[in-house]
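Okay, so here's the structure we're looking at.
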Amino acid sequence: MLDNMSRSDPHSGLVVALDGPGSSGKSSVGAAVALRLGYRFCDTGLLYRAATWLALKRHVRVDGDGANPQALVDLVAEIELVPDGQGRLAHVSVDGEDVTDDVHTPRVDEAVSAVSRVPELRAALLERQRSLAAEPGGIIMAGRDIGTVVLPDADLKIFLDASAEERARRRAEERGLGPDSPEARFILAQLRRRDELDRNRAVAPLRPADDATHIVTDGNTFEQTVDAVVAAIQPAERARTAGEAAAPR
């Protein structure tokens, strides 16, 4: 599936699958690593968040009686990931409007897992994600099933992990909440529920690829985690470059 990617330029970079549970830092760390290495970056979670936000706005049922998977799939055509000035697909646009902030609300946090479980939606988004990875140049693609389903032939697979308590602490801190506040406890409960749903869903459950590099970030600063991911990518870059240099012309 990556055959369309140009491999003639040894500096074109790798296709890196970056997976992990919710709030493990995939998006922020992946974007920082991409900036440091000159890679593109795609947070595939934005696609699912955008679909969730649109489903809520359009009152599309995704589970239970009256569920309408096709109506959910039909929303996909309206969603576009937009690059920033450094090639990171960090913004989401719907009908030409930037809704990046809207897709990061607590309401979307609560509903996105149910939306993400819909097989028809996952199938609709699969080829779009693969097409992004097939474009020339290195890319870090972050999600929950990139190394196992979306890009099983990625050059490098990394699973970024942290305990639910650590992830809840970080999210609460980002929102200015006290660690023992009711809101912070609710965040922890939400993350545990999301983990359970993601790991046990029938389609593309959350799990590390068998050949993934596992990086646990409990206790790390942000920069330490960025350094750890860069340190995992650079040897793979050198190995790929050396292999291409040694290949018969």
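Here is how the numbers come out for the structure above:
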{"quantity": "Restricting the stretch 221-233 to residues that are out of contact with any strand residue (DSSP E or B) (no Cβ under 8 Å at 6 or more places or on another chain) and touching a residue at least 24 places away in the same chain (Cβ under 8 Å), the residue that is most open to solvent (accessible area, probe 1.4 Å)", "calculated": "Phe222"}
{"quantity": "Positions within the stretch 49-60 being touching a residue at least 60 places away in the same chain (Cβ under 8 Å) and either open to solvent by 20 Å² or more (accessible area, probe 1.4 Å) or in contact with a His (Cβ under 6 Å, 6 or more places away or on another chain) (or both), in sequence order", "calculated": "Arg49"}
{"quantity": "Matching residues in the stretch 15-28 - criterion: being on the phi < 0 side of the Ramachandran plot and either among the small types (Gly, Ala, Ser) or modelled with pLDDT under 95 (or both)", "calculated": "Ala17, Pro21, Gly22, Ser24, Lys26, Ser27, Ser28"}
{"quantity": "Total residues in the stretch 69-126, condition open to solvent by less than 20 Å² (accessible area, probe 1.4 Å), over 18 Å from Ser28 (Cα atoms) and in a strand (DSSP E or B)", "calculated": "3"}
{"quantity": "Residue in the stretch 156-172 that is part of a loop (DSSP other than H, G, I, E, B), closer than 30 Å to Ala236 by Cα and either at pLDDT 95 or above or among the small types (Gly, Ala, Ser) (or both) present", "calculated": "yes"}
{"quantity": "Residue check, Leu54 closer than 27 Å to Glu196 by Cβ and assigned to a strand (DSSP E or B)", "calculated": "no"}
{"quantity": "Top-ranked residue of the stretch 127-144 - restricted to ones that are open to solvent by 10 Å² or more (accessible area, probe 1.4 Å) and either within 16 Å of Asp43 (Cα to Cα) or without any contact (Cβ under 8 Å) to a residue 60 or more places away in the chain (or both), ranked as nearest to the chain's Cα centre (by Cα)", "calculated": "Arg144"}
{"quantity": "Flag if Leu18 is in a strand (DSSP E or B), under 14 Å from the mean Cα position of the chain (by Cα) and under 25 Å from Gln190 (Cβ atoms)", "calculated": "yes"}
{"quantity": "Selected residue [open to solvent by 40 Å² or more (accessible area, probe 1.4 Å), more than 19 Å from Asp43 (Cα to Cα) and part of a helix (DSSP H, G or I)] from Ala242, Ala184, Ala202", "calculated": "Ala242"}
{"quantity": "Given (1) open to solvent by 40 Å² or more (accessible area, probe 1.4 Å); (2) part of a loop (DSSP other than H, G, I, E, B); (3) in contact with a helix residue (DSSP H, G or I) (Cβ under 7 Å, 6 or more places away or on another chain); (4) of a type outside the set (A, V, I, L, M, F, W, C), index of the condition Gly178 fails", "calculated": "(1)"}
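The values are calculated or read from the model by the stated rules, or taken from the named source; none is laboratory data. Treat the numbers as computed from the prediction; the structure is a model and nothing was measured. Cβ atoms come from the backbone with ideal geometry, glycine included; neighbour counts cover every protein chain shown. Accessible surface is based on the protein model in full, side chains and every heavy atom, while ligands, DNA and RNA are left aside. Shrake-Rupley method; radii C 1.70, N 1.55, O 1.52, S 1.80 Å.
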